[in-house]
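Asker: Handing you this structure, nothing more for now.
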Amino acid sequence: MKIIFNKHKLIKIIEKEKNLGFVPTMGSLHKGHSFLIKKSNSQCKKTIVSIFVNKPQFNKFADFKKYPRTLSKDVKTLKKLKVDFLYLPSFKEIYPYGTNRKIKMHKFSKVLCGKFRPGHFKAVIDVVDRFIRIINPKKIFLGEKDFQQLKLIKKVIKKNILPIKLISCPSIRLNNGMSMSSRYNNFSLKEKKILDKIAIKINSCVKELRKNINLSFLEKLNQELRNYDVNKIDYLEIREEENLQLTEKKTKARLFIAFYLGEIRIIDNFILY
């Protein structure tokens, strides 16, 4: 595996690669990332992974500082997965002239996480666009845990007519049914036990919603979450997959959830059809 820090050197190394798969990450790799990488390995001749903790997408500097960083462990993981290239850029490498403030967002960027994290998605779209233009991959692999983010990136690729195919991959889940997240590395043992109990309530609600969409199930779940040290719930909503509109129908719908356990924000979504 070649580890590259400089984008000009990277471009020279990969410029002749016609079937390159790209997996963007912020590091602290888990089985969800491994699944994306394996997908890339199976569909593309070579795979490149980036590790870059993107400061502009964090609403609080403290969250950026606390984001788990496990580079030496990540490098070992990527070597075992037979990744061809690892790109480790600095902030100046990606933002030589600062961030792009003129990005136009789709209207559904204002709901769910967009409502509670101002500027977050603009920063995500900005950095992904920069990586795509540097790497010029044939395919980019993204997980469905960050479903709203995935949809927005897909819209940007289509709008800008970028020669790249987005491959969406299902969330890889923990034994408790929640999607894997790098942020879970910051949980205490007590918080992990609480999350397991919360997961039981969420999974129970999802099972009921798959039988019958009834908003009373969400009201009940809302109350139950607050009984488990959840001090803030950003949203608990059923929305259509296509344009993220609120719905009370199961057809192509998901339950979207975001809440805080301690200081850590947890997001997830669950297919209801």
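Asker: Among the candidates 82, 16, 12, which residue alone is open to solvent by 40 Å² or more (accessible area, probe 1.4 Å) and either touching a Leu at 6+ places or on another chain (Cβ under 6 Å) or assigned to a helix (DSSP H, G or I) (or both)?
Answerer: After applying the criteria, what remains is 12.
Asker: While we're here: I'd like the residue in the range 170-201 that is in contact (Cβ under 8 Å) with a residue 40 or more places away in the chain, open to solvent by less than 20 Å² (accessible area, probe 1.4 Å) and more than 17 Å from the chain's Cα centre (by Cα) and, out of all such residues, is nearest to residue 22 (Cα to Cα).
Answerer: Checked the range 170-201; the qualifying residue nearest to residue 22 (Cα to Cα) is 187.
Asker: Which of the residues belonging to the range 143-169 are without any contact (Cβ under 8 Å) to a residue 60 or more places away in the chain and either polar (S, T, N, Q) or within 24 Å of residue 205 (Cα to Cα) (or both)?
Answerer: 149, 160, 168
Asker: Related question: Please return the ranges of helices (runs of 4 or more DSSP H) entirely within the range 115-224 where 2 or more residues are farther than 30 Å from residue 87 by Cα.
Answerer: By residue number, 189-211.
Asker: Within the bounds of the range 69-83, is there any residue that is closer than 24 Å to residue 182 by Cα, without any contact (Cβ under 8 Å) to a residue 40 or more places away in the chain and in contact with a helix residue (DSSP H, G or I) (Cβ under 8 Å, 6 or more places away or on another chain)?
Answerer: Looking through the range 69-83, none of the residues is closer than 24 Å to residue 182 by Cα, without any contact (Cβ under 8 Å) to a residue 40 or more places away in the chain and in contact with a helix residue (DSSP H, G or I) (Cβ under 8 Å, 6 or more places away or on another chain).
Asker: So is residue 94 open to solvent by less than 20 Å² (accessible area, probe 1.4 Å) and within 20 Å of the chain's Cα centre (by Cα) or not?
Answerer: Spelling it out, residue 94 is indeed open to solvent by less than 20 Å² (accessible area, probe 1.4 Å) and within 20 Å of the chain's Cα centre (by Cα).
Asker: Next question, about the same structure. Under 7 Å by Cβ, and 6 or more places apart or on different chains, what pairs join a residue from the range 95-111 that is touching a residue at least 24 places away in the same chain (Cβ under 8 Å) with one that is among the aromatic types (Phe, Trp, Tyr)?
Answerer: That search, which allows pairs on different chains as well, returns 105/121; 109/121.
Asker: Which of the residues belonging to the range 14-43 are closer than 15 Å to residue 164 by Cβ and among the β-branched types (Val, Ile, Thr)?
Answerer: Residues satisfying the conditions are 14, 23.
Asker: Tell me the residue from 56, 118 that is of a type outside the set (Gly, Ala, Ser) and surrounded by 14 or more Cβ atoms within 10 Å (Cβ to Cβ), please.
Answerer: 56
Asker: Consider residue 102 carefully, then state whether it is over 20 Å from residue 232 (Cβ atoms), open to solvent by 20 Å² or more (accessible area, probe 1.4 Å) and part of a helix (DSSP H, G or I).
Answerer: For residue 102, the condition - over 20 Å from residue 232 (Cβ atoms), open to solvent by 20 Å² or more (accessible area, probe 1.4 Å) and part of a helix (DSSP H, G or I) - is not met.
The values are calculated or read from the model by the stated rules, or taken from the named source; none is laboratory data. The model shown is predicted, which means the values in this text are computed figures rather than measured ones. Quick reminder, even Gly has a Cβ in these numbers, built from the backbone with ideal geometry, and neighbours come from all protein chains shown. Side chains are part of the model used for accessible areas, which takes the heavy atoms of the whole protein and leaves out ligands, DNA and RNA. Shrake-Rupley method; radii C 1.70, N 1.55, O 1.52, S 1.80 Å.
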